[in-house]
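All remarks here apply to the structure that follows.
The values are calculated or read from the model by the stated rules, or taken from the named source; none is laboratory data. Here the structure is a predicted model, which means the values were calculated and not measured. Ideal geometry is used to build each Cβ from the backbone, glycine not excepted, and the neighbour counts take in all protein chains shown.
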Ligand SMILES: NC(=O)c1ccc[n+]([C@@H]2O[C@H](COP(=O)([O-])OP(=O)(O)OC[C@H]3O[C@@H](n4cnc5c(N)ncnc54)[C@H](O)[C@@H]3O)[C@@H](O)[C@H]2O)c1
């Protein structure tokens, strides 16, 4: 059974990917410092998979501890999810973001070189496209970032591109995720943010359970079908499967660097999401229109063609499924994963 080291594997996307890896016959091993995840996630992963999930409580920036993990595990591949991800926080604490996101990647890469682990999947983001010249967005569009979080993703893409050029025996995939939402059908794992959610769907579900008063919709004068911002929402379980397909692909290919968008190719507005969630919960959801947020763009959705052609990746869940699973996770875990 191929061992896959999953850094940040207790987090939102990482935990769903661990389930998908087990289902596909891999042995995932988690490295997480639980900065943004509950240790209880591991128990829940064991309940879902009915397997013992090995997990190291290690900070990926800690070179000597990470070295011990690699020495002990000798993985076949690494999926590097570990990192900080809140755009607003990255603006107020840029050094914290550059330090954690860049250092963790560099330490992982150094261990991969030392222990000859040659397959890497990296969590990049659609944020590297900035304000795209048109939609859908193709992988060869120009890249432009507007905040420290986005810059860490772009810098890492550049580091890995430089590295791949001189390490032709490595196989590296940069996955540019669009907007993951939803939760595993068990309702045992899902998006479980600390404090007030930064993302739309957990914000709405917290309004629905009465933790937050109302949703603020930032701007209704964008150039979109209803004036609110359009994004490409993808079910986190579809996204998780994208990682399994990517790992399989890396075992077959000969080039050292691959880039894929992981999205659905469909754009939904803030109001589309809100109205879909209203159908799921069966009642209107309190909201108000407020001013635009600086830096927000009209529309952002993927061309999923390359991932379909080369990975066989196609998202199967629609917006209703995504909202329903997010709501069921919230209802079953009103105070998060405790
Ligand atoms: N969720 C999104 O909307 C989204 C979109 C695009 C890209 N991404 C990227 O995907 C990755 C996973 O995102 P997520 O939504 O699952 O985030 P998350 O915060 O739920 O998961 C990240 C995990 O990494 C861990 N972590 C952070 N720094 C660490 C370190 N130095 N050492 C060990 N563990 C560490 C955290 O404790 C957490 O469990 C991130 O790199 C994020 O930037 C996320």
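Test residue 225 against the criterion of being touching a helix residue (DSSP H, G or I) at 6+ places or on another chain (Cβ under 9 Å) and closer than 30 Å to residue 279 by Cβ, and give yes or no. Spelling it out, residue 225 is indeed touching a helix residue (DSSP H, G or I) at 6+ places or on another chain (Cβ under 9 Å) and closer than 30 Å to residue 279 by Cβ. Note on the stretch 128-138: residues that are touching a strand residue (DSSP E or B) at 6+ places or on another chain (Cβ under 8 Å) and either away from the ligand (no atom under 11 Å from the Cβ) or in a strand (DSSP E or B) (or both) amount to 6.
A residue that is surrounded by fewer than 19 Cβ atoms within 10 Å (Cβ to Cβ) and over 24 Å from residue 314 (Cα atoms) can be found somewhere in the stretch 169-190.
Of all residues in the stretch 175-202, exactly one satisfies the criterion of being away from the ligand (no atom under 11 Å from the Cβ) and in contact with a strand residue (DSSP E or B) (Cβ under 6 Å, 6 or more places away or on another chain), namely 182.
Scanning the stretch 66-86 for residues that are near the ligand (Cβ under 10 Å from one of its atoms) and part of a helix (DSSP H, G or I) gives a single hit, 66. Restrict the check to the stretch 120-127 and report whether at least one residue is within 11 Å of the ligand (Cβ to nearest atom) and without any contact (Cβ under 8 Å) to a residue 40 or more places away in the chain. Checking the stretch 120-127: not a single residue is within 11 Å of the ligand (Cβ to nearest atom) and without any contact (Cβ under 8 Å) to a residue 40 or more places away in the chain.
So in the stretch 131-154, with the set limited to residues that are under 18 Å from residue 93 (Cα atoms) and touching a residue at least 60 places away in the same chain (Cβ under 8 Å), which one is surrounded by the fewest Cβ atoms within 10 Å (Cβ to Cβ)? Talk me through it step by step, then tell me what you get.
Taking the stretch 131-154 and keeping what is under 18 Å from residue 93 (Cα atoms), we get 145-154.
Cutting the leftovers down to touching a residue at least 60 places away in the same chain (Cβ under 8 Å) gives us 146-147, 149-150, 152.
Working: 146: 15, 147: 17, 149: 24, 150: 23, 152: 27.
Looking at the filtered set, the residue picked out is 146.
Say whether the condition of being at pLDDT 95 or above, closer than 24 Å to residue 178 by Cβ, within 11 Å of the ligand (Cβ to nearest atom) and out of contact with any strand residue (DSSP E or B) (no Cβ under 7 Å at 6 or more places or on another chain) is met by at least one residue in the stretch 40-56. Yes, because at least one residue in the stretch 40-56 is at pLDDT 95 or above, closer than 24 Å to residue 178 by Cβ, within 11 Å of the ligand (Cβ to nearest atom) and out of contact with any strand residue (DSSP E or B) (no Cβ under 7 Å at 6 or more places or on another chain).
Of all residues in the stretch 217-244, those satisfying the criterion of being outside any helix (DSSP H, G or I) and closer than 30 Å to residue 8 by Cα are 229, 230, 231, 232, 233, 234, 235. Among the residues of the stretch 245-263, none qualifies, meaning not one is farther than 21 Å from residue 160 by Cβ, crowded, with 20+ Cβ neighbours inside 10 Å and under 22 Å from the mean Cα position of the chain (by Cα).
Taken over the stretch 1-39, the criterion of being part of a loop (DSSP other than H, G, I, E, B) and more than 8 Å from the ligand (Cβ to nearest atom) is satisfied by 1, 2, 24, 25, 26, 38, 39. Being more than 16 Å from residue 85 (Cβ to Cβ), without any contact (Cβ under 8 Å) to a residue 60 or more places away in the chain and surrounded by fewer than 22 Cβ atoms within 10 Å (Cβ to Cβ) is the filter here, so list the residues in the stretch 30-41 that pass it. Of everything in the stretch 30-41, just one residue is more than 16 Å from residue 85 (Cβ to Cβ), without any contact (Cβ under 8 Å) to a residue 60 or more places away in the chain and surrounded by fewer than 22 Cβ atoms within 10 Å (Cβ to Cβ), namely 39. Selection within the stretch 160-200: residues that are touching a helix residue (DSSP H, G or I) at 6+ places or on another chain (Cβ under 7 Å) and assigned to a helix (DSSP H, G or I). The member of this set that is nearest to residue 328 (Cα to Cα) is 200.
One residue alone among 96, 155, 112 is more than 12 Å from the ligand (Cβ to nearest atom), farther than 20 Å from residue 9 by Cβ and in a helix (DSSP H, G or I), and that residue is 155.
Note on the stretch 45-65: residues that are farther than 24 Å from residue 249 by Cβ, part of a helix (DSSP H, G or I) and touching a helix residue (DSSP H, G or I) at 6+ places or on another chain (Cβ under 8 Å) amount to 3.
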